[in-house]
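First the structure, in the form of structure tokens, and then the observations on it.
The values are calculated or read from the model by the stated rules, or taken from the named source; none is laboratory data. Note that the structure is a prediction, hence the values are computed from the model and not measured. Backbone-built Cβ (ideal geometry, glycine too); neighbour counts: all protein chains shown.
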Amino acid sequence: DAGVIQSPRHEVTEMGQEVTLRCKPISGHDYLFWYRQTMMRGLELLIYFNNNVPIDDSGMPEDRFSAKMPNASFSTLKIQPSEPRDSAVYFCASTPRGIDGYTFGSGTRLTVV
Amino acid sequence: AQSVTQLDSQVPVFEEAPVELRCNYSSSVSVYLFWYVQYPNQGLQLLLKYLSGSTLVESINGFEAEFNKSQTSFHLRKPSVHISDTAEYFCAVSDDNQGGKLIFGQGTELSVKP
């Protein structure tokens, strides 16, 4: 298995632009999570899905952020419009069950200038 | 609400020395506990986990952690570290045996020096 695949690995964009991050979970994993990692705030859970349905989006910072999972093999996290404070590494993770532990992708390093 | 506190943000240690990375949690229900490791420019990898049963759990690369319910702790230890163990280590807790979300600590940067 190729693991959790995220794209792009790096993204540099200008303030105000739309950014879309992509994630392909491991086949058969019913749960998908989006995390954000910064030096100041550590790892923050943004949103998670079960069987393509959003379960908890309480961590999404504001309306500029949105996430979708149109099918079991693909999810997107969109920021519109982007701001410099959105600069972070965004991780996607998947699991068949929480107690099995998550498999993380390699992350997308987003820089908003 | 659950929370996780990693008591040390940085732990420098010499090669072949023992190390302990401390983790305390708070939860009102039964918990599942995890340690993850993150090498530079990579995602997190599961190191070990406690679900139930024996309170001492081990990883394949020599780390071990002990669940202590009375002290609400899950400290990570290794009797002899290698340069290659240099990484950031995250403790995490979940109270949901299904897909439940993990709450992560702030991380401990382990730096192994020759």
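Name the residues in region A:72-113 that are assigned to a loop (DSSP other than H, G, I, E, B), over 13 Å from the mean Cα position of the chain (by Cα) and closer than 22 Å to B:Cys91 by Cα, would you?
Hits for region A:72-113 are A:Pro96, A:Arg97, A:Gly101, A:Tyr102.
Restricting to region B:1-25, what's the tally of residues that are under 28 Å from A:Tyr90 (Cβ atoms), over 15 Å from the mean Cα position of the chain (by Cα) and surrounded by 13 or more Cβ atoms within 10 Å (Cβ to Cβ)?
1
What pairs can you find where one residue is in region A:87-113 and closer than 14 Å to B:Gln38 by Cβ and in contact (Cβ under 8 Å) with a residue 12 or more places away in the chain, the other is basic (Lys, Arg) and not in a strand (DSSP E or B), and their Cβ atoms are less than 9 Å apart, with a gap of 6+ or different chains?
Pairs found: A:Ser106/A:Arg9; A:Gly107/A:Arg9; A:Arg109/A:Arg9.
Cβ-Cβ below 8 Å, separation at least six or inter-chain, first residue in region B:20-31 and aromatic (Phe, Trp, Tyr), second loosely packed, with under 13 Cβ neighbours inside 10 Å: which pairs?
Listed pairs, sorted by first residue: B:Tyr25/B:Ser3.
Looking at region B:9-42 only, could you name the residues that are modelled with pLDDT of 90 or more and farther than 16 Å from B:Lys78 by Cβ?
We begin by selecting, within region B:9-42, every residue modelled with pLDDT of 90 or more; these are B:9-25, B:33-39.
Once the filter is applied, which keeps residues that are modelled with pLDDT of 90 or more and farther than 16 Å from B:Lys78 by Cβ, region B:9-42 yields B:Ser9, B:Gln10, B:Asn24, B:Tyr25, B:Leu33, B:Phe34, B:Gln38.
Are there any pairs with C-beta distances below 6 angstrom linking a residue in region A:28-56 that is facing chain B (nearest Cβ under 7 Å) and more than 12 Å from A:Ala72 (Cα to Cα) to a residue that is among the polar types (S, T, N, Q) and surrounded by fewer than 22 Cβ atoms within 10 Å (Cβ to Cβ), with the two at least 6 apart or on different chains, and if so which?
A:Gly42/B:Gln106; A:Leu43/A:Gln37
From the list B:Leu102, B:Leu48, exactly one residue is surrounded by 18 or more Cβ atoms within 10 Å (Cβ to Cβ), touching a residue at least 40 places away in the same chain (Cβ under 8 Å) and facing another protein chain (nearest Cβ under 10 Å). Which is it? It would help to see each step written out before you state the result.
Details: B:Leu48 fails: touching a residue at least 40 places away in the same chain (Cβ under 8 Å).
Being surrounded by 18 or more Cβ atoms within 10 Å (Cβ to Cβ), touching a residue at least 40 places away in the same chain (Cβ under 8 Å) and facing another protein chain (nearest Cβ under 10 Å) holds for just one of B:Leu102, B:Leu48, which is B:Leu102.
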